[in-house]
There are 2 protein chains.
Amino acid sequence: MNSSSAVTLYPLGGLGEIGLNCMALVSGDSMIVIDCGLMFPDDSLFGIDVVIPRFDFILQNRDKLKGIILTHGHEDHIGALPWLMRSCDAPLYGSKFTLALAGKKLEEHNLKEFTRCEPVVAGDVLTLGAFRVTFFPVCHSIVHGFALGIETPAGRIVHTGDFKIDRNPLDGHATDLPAIKAFAAPGAMLLLSDSTNAEREGFALTEREIKAALGDIFADATGRIVVTLFSSHIQRMQEIFDLAEATGRKVAVSGKSLFTNIEIARNLGLLRVPPGTEASLDELPGLPDHQVVLLVTGSQGEPLSALSRLAYGEHRQVRIQKGDTVLLSSRFIPGNIRAITKLINRLYKLGAEVLYERVQAIHASGHAHAEELRLMLKTVAPKFFIPVHGEYRHLVKHSRIAVSCGVAPERALVIEDGQPVTFSGGLIRLEDTIPVEHIYVDGKGVGDVGVTVLKERQLLAGEGLVIVVMVVDEKSGELTFGPNILSKGFVFEQHYSHVLEDAKCIVLDIFENVPPGQSDLLKERIRSALRRFFRKILERDPVVVPLVITL
Amino acid sequence: MNSSSAVTLYPLGGLGEIGLNCMALVSGDSMIVIDCGLMFPDDSLFGIDVVIPRFDFILQNRDKLKGIILTHGHEDHIGALPWLMRSCDAPLYGSKFTLALAGKKLEEHNLKEFTRCEPVVAGDVLTLGAFRVTFFPVCHSIVHGFALGIETPAGRIVHTGDFKIDRNPLDGHATDLPAIKAFAAPGAMLLLSDSTNAEREGFALTEREIKAALGDIFADATGRIVVTLFSSHIQRMQEIFDLAEATGRKVAVSGKSLFTNIEIARNLGLLRVPPGTEASLDELPGLPDHQVVLLVTGSQGEPLSALSRLAYGEHRQVRIQKGDTVLLSSRFIPGNIRAITKLINRLYKLGAEVLYERVQAIHASGHAHAEELRLMLKTVAPKFFIPVHGEYRHLVKHSRIAVSCGVAPERALVIEDGQPVTFSGGLIRLEDTIPVEHIYVDGKGVGDVGVTVLKERQLLAGEGLVIVVMVVDEKSGELTFGPNILSKGFVFEQHYSHVLEDAKCIVLDIFENVPPGQSDLLKERIRSALRRFFRKILERDPVVVPLVITL
């Protein structure tokens, strides 16, 4: 594959999309994998639960695999592990918190006991075959994320993971630029850096600014405060607990993923719940409104989440009332905007005040903006640069930033998933591409729902379905049953009985004009005639399924 | 309904959603309707083409209807006309441009010749029964929009339509605040004002700023320039033609709606195409790149639009190439973000530079921001205030702005569609609500696709469908055909033949255990057993349709 002094990078996901982050590095007989993320499907992927990378390359080279390194615990970095780990027994490396989240996921798939989890802390150095990996703390919207310093036979690589650079961070949440600088000092061959916010100028808001904005709201609120946030955002939760303590409030939690993550974080000493700030949901009625904080799931408008149940008056213990302040301390993910704004409108109707990113600075992105990306580029001063974690446009913009920071234009590469690159003796070579099409997971099926099935679902979704069923006597060629017509998702049948009766007549007419025994021809004629008929009468084009049974 | 000195306002759409704007005003035996807009469906409305208001109230009071006033020509103000005008013969009033757009729409539905269109110009005063309506020019993202001054027996009403206040407008595009002020001078009873941007602080960008930003891009571009924009935004098109003239470029147009609207605007003298700036698509190959502007449809990523065809290499006359600059001079509507960003990524891959609102100030909203809303409130100084054109949250925010501008809190009402309000002798009364549920249009069907059909489509979309068909001999109770199983959008059948075989065995087993003649019981058992089976084996829950034919 490559000589022992070369290293080849195989991007399997995340270079060309947001999500699905996964990359393999190979040198001689050693392979490491960095991250193993999923992507949530867009609306065109009817019924698909999650999208995962194609793992063929990793599995074909399983014998070389020394370990899987997880930079942090977000779904787009660990979410596809259950589908890789069912065919793979390499150890997982990451922070305790990351591994706890990964472990929970593997447990749900009954894979945890078969997986070796090796926790690392900042500053640790691991030797994995031909690779030596150093872990650097980074600031991100989840605690205990790492950037990686990777010593390879071809030179030093820095992989930022997901990061931002908070210039004035709250305790224990800094990106360790000096350590990264020291690692890169002998000369960094390559920087792989997070491109998510490459289009945003300046610096991301800092958690200190968010905490101050939240603090103002806590200081002013006279009623209950309801907060929703990403359930892995432990640092933000800490701010909420601290503000609750400062303003004499108690925090009650509603929503399973919050419960689980809070428990994990507390057990690892990552979340300090100040004494006297805890309350159960059942205690709430006994507390005055100005002593209540309710921390809830549902920042993306998920239908069964705690916030959704509150907004629709279906929460078992709590009713939203006039005087409540609801904070959405989270980003609106584009596909979820309509669901979220529906919730906001409903909360207003119930009398609550609702605050969200658009109207108040109560959320900060966890990803570096352009100026922070520049800082990282200047810290590492790499010879080569490959932007990761982004759509194509983000990668392009990030490579331009790299060039503006002194990377030679021919060394700032924009490559996509499936395009391997070999580094050797200070030179690079693009290898033949490898297959990396997205794999769709639907229930227990992995990769079995492809273009054909999705196309059928799309047609069914748009126009519904009409079934025509008839039984023909084989000997006489006479109709012994039907034609009967039934539909699903097509029209409200009671209102359209005349249309369906006309359709029957059309079918009968065709039947009389097709010679007996030619049932394929009969079905084809029925299908095309009914589609034509429904298009003309209703301007609709349902899926037509003719069932002709010959007995 | 009300006494002759009272007026009742019936909001039929747009108070509680963006789109669907429609309102009736009734006084004694006179009714006028203001706007008749549609709304585009969100993703949960499978197969629905458009959403329109329920017109029952208007049709029940058809005899009182003196006219339908169109404030401007956007779809959310005129788009539902074809469904109202098929049952209604009242005249339409609006600017020539608005009526031209409305007429095109009515023509497509073969209704144009039955509709009286009465053009008005700024300053015109119409007497419509008990109402006197004055038309004031407003600045908006379409030319020739109006605010309305309505004299009623209960007092003066100002309805802003959609508007912004450009403090330094390009020629002929100002909001006529002095005229509105003069109208309100004797005392305005009520202001109805556009709430779309009530959450945005400050002032909207002005067209002068947009034109300057576009001018910089035109000055710098050395290759071809491709521009997409809303196809009714004649003013923006004028800027493009002017800049083309100034920089020695010719403009070619691709896309039907642009062609039509440009023709309408030119015929009405609303768009000046400078001599020598026109080119046909076929002339483009003969022009040097730096002399080309291509104006195209597709700002929302619509699949068959000119921009889509360019991005996917399917445009007949033009190929995107390195050096091209593509400008999306338009807003990203939330439901379309993924489609638009896909196009942007593809255009980058083809080598183009792509500029859009997020990264460059090349689009301005047509709706007033908070400071502009204040200016309108201060200009009219109304006794009562009702925010219109917005989701509930926008209405709430706008009513707060009104209170901050001096409207008494109890007179700043937030009401929703279907809540009539009567004004009489300086007092108000909320009337009983009227039905205003949204009407779904699917092909030629209006209102026939309801919750049941949509639910079926949703189920079909998510998990597909399984049909079980069998024929039973009535006399012997024996199976004479089947069970056969076929599916649509469920699984790729070749890969799952074993699952479908197992499903057949389950059906046979049930058949043997249900007494002959009980075909409903048989069907129910089949349905529930198969759903259980598929959930267990595949974690999928398709729609199961058992067809049991007894012969």
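When peptides A:6-18, B:319-331, B:220-232 are ranked by their average number of other Cβ atoms within 10 Å per residue, the highest-first order is A:6-18, B:220-232, B:319-331. Share of pairwise Cα-Cα distances greater than 37 Å in chain A is 44 percent (whole percent). How far is helix B:337-349 tilted, in degrees, relative to the longest principal axis of the Cα atoms in chain B, given as a value from 0 to 90 rounded to the nearest 10? Around 80 degrees separate the two axes. Counting Cβ atoms of other protein chains within 10 Å of each Cβ in A:323-334 and taking the mean gives 1. Here region B:135-179 is treated with +1 on each Lys and Arg Cβ and -1 on each Asp and Glu Cβ, and its dipole about the Cα centre works out to around 100 debye. A straight line joining the Cα centroids of region B:398-432 and region A:365-383 runs 52 Å.
Find the eigenvalues of the gyration tensor of the Cα atoms of the protein assembly as shown, then list the square roots of 5 times those eigenvalues as equivalent ellipsoid semi-axes, largest first, in whole angstrom.
48, 43, 33
Extension gain for A:ASP473 to A:GLU410 (0.36 nm times residue separation, less C-alpha to C-alpha distance): 15.3 nm. A Förster radius of 25 Å combined with the Cβ-Cβ distance from B:ARG338 to A:PHE492 puts the calculated FRET efficiency at roughly 0.20. Taking all Cα pairs closer than 8 Å and separated by 6 or more residues, the relative contact order of region B:207-356 comes to 28 percent. Ranked by how many other Cβ atoms sit within 10 Å of their own Cβ, fewest first, the residues A:ARG393, A:ARG316 fall in the order A:ARG316, A:ARG393. Mean per-residue shielding of peptide B:458-471 is 6, counting Cβ atoms of other chains within 10 Å of each Cβ. Note on the protein assembly as shown: dipole from Cβ charges, positive end direction compared against A:ASN168, A:GLY418, A:ALA147; the farthest Cα belongs to A:ASN168. Legend: distances between Cα atoms for B:LYS322/B:LYS349; A:LYS455/A:LYS504; A:LYS523/B:LYS488; A:LYS397/B:LYS342; pairs beyond 18 Å are A:LYS455/A:LYS504. Take the convex hull of the alpha carbons in region A:207-356; its mean projected area over all directions comes to 8.1 nm².
For region B:210-222, backbone phi angles converted through the Karplus equation (6.51, -1.76, 1.60; θ = phi - 60°) give residue-by-residue couplings of 5, 4, 5, 5, 4, x, 4, 5, 4, 5, 8, 5, 9 Hz, Gly and Pro being listed as x. Label separation (A:ALA185 vs A:ASP509): 8.8 nm, computed from points 7 Å beyond Cα along the C-beta direction.
Spherically averaged projected area of the convex hull of Cα atoms, region A:1-137: 8.6 nm². Label point of A:GLU201 set 7 angstrom out along Cα-Cβ; within region A:347-384, amide nitrogens under 13 Å from it belong to A:370-371. For region A:390-464, the relative contact order is 15 percent, taking Cα pairs closer than 8 Å that sit 6 or more residues apart in sequence and dividing their mean separation by the residue count. Amide H to amide H distances under 5 Å link B:LEU295 with B:VAL227, B:ALA252, B:VAL253, B:SER254, where only residues 5 or more positions off or on other chains count and H is placed in the peptide plane.
Each copy carries a label point for B:ALA408 at 7 Å from Cα along the beta-carbon vector; from one copy to the others these points are 7.8 nm apart, nearest first. What separates the B:GLN321 label point from its copies, with the point 7 Å along Cα to Cβ, is 7.1 nm, written shortest first.
Which percent, to the nearest 5, of DSSP beta bridges fully inside chain B are antiparallel?
Working: 49 of 96 bridges.
For chain B, the DSSP antiparallel bridge percentage is about 50.
With label points defined 7 Å past Cα in the direction of Cβ, position B:GLU512 shows copy-to-copy spacings of 4.4 nm, given to one decimal and shortest first. Pairs of Cα atoms nearer than 8 Å and 6+ residues apart set the relative contact order; for chain A it is 15 percent.
Estimated translational diffusion coefficient (Stokes-Einstein, Kirkwood radius over Cα pairs, 20 °C, 1.002 mPa s) of region A:208-262: 182 µm² per second.
3J(HN,Hα) along region B:11-19, derived from phi through the Karplus expression 6.51 cos²θ - 1.76 cosθ + 1.60 where θ = phi - 60°, amounts to x, 9, x, x, 9, x, 7, 8, x Hz, with x in place of Gly and Pro.
When +1 charges are put on Lys and Arg Cβ atoms and -1 charges on Asp and Glu Cβ atoms, the dipole computed for region A:207-356 relative to its Cα centre reaches about 480 debye. Straight Cα distances below 29 angstrom link A:LYS112 to the lysines A:LYS64, A:LYS66, A:LYS96, A:LYS104, A:LYS256, A:LYS444, B:LYS536, with same-chain residues fewer than 8 positions distant left out. Considering only Cα atoms, the convex hull volume of region A:464-550 works out to 77 Å³ per residue. Close amide H partners of A:ALA6, meaning residues 5 or more places away or on another chain with modelled amide H under 5 Å apart, are A:GLY28. DSSP finds beta bridges in the protein assembly as shown, and of those with both partners inside it, around 50 percent are antiparallel.
Within 10 Å of each Cβ in B:489-496, how many Cβ atoms from other chains are there, averaged over the peptide?
Partner-chain Cβ atoms within 10 Å, mean over residues of B:489-496: 6.
Using just its DSSP H runs of length 4 or more, each adding -39500 (n - 2.57), chain B gives a mean residue ellipticity at 222 nm of -9000 deg cm²/dmol after division by all residues. Relative to the longest principal axis of the Cα atoms of chain B, the long axis of helix B:234-246 makes an angle of roughly 70 degrees.
Taken together, the values in this text are just the output of simple stated rules run on the coordinates, not laboratory data. This one's a predicted model, so the numbers in the text were calculated from it and none came from an experiment. FYI the Cβ positions are ideal-geometry reconstructions off the backbone, even for glycines, and counts take in every protein chain you see.
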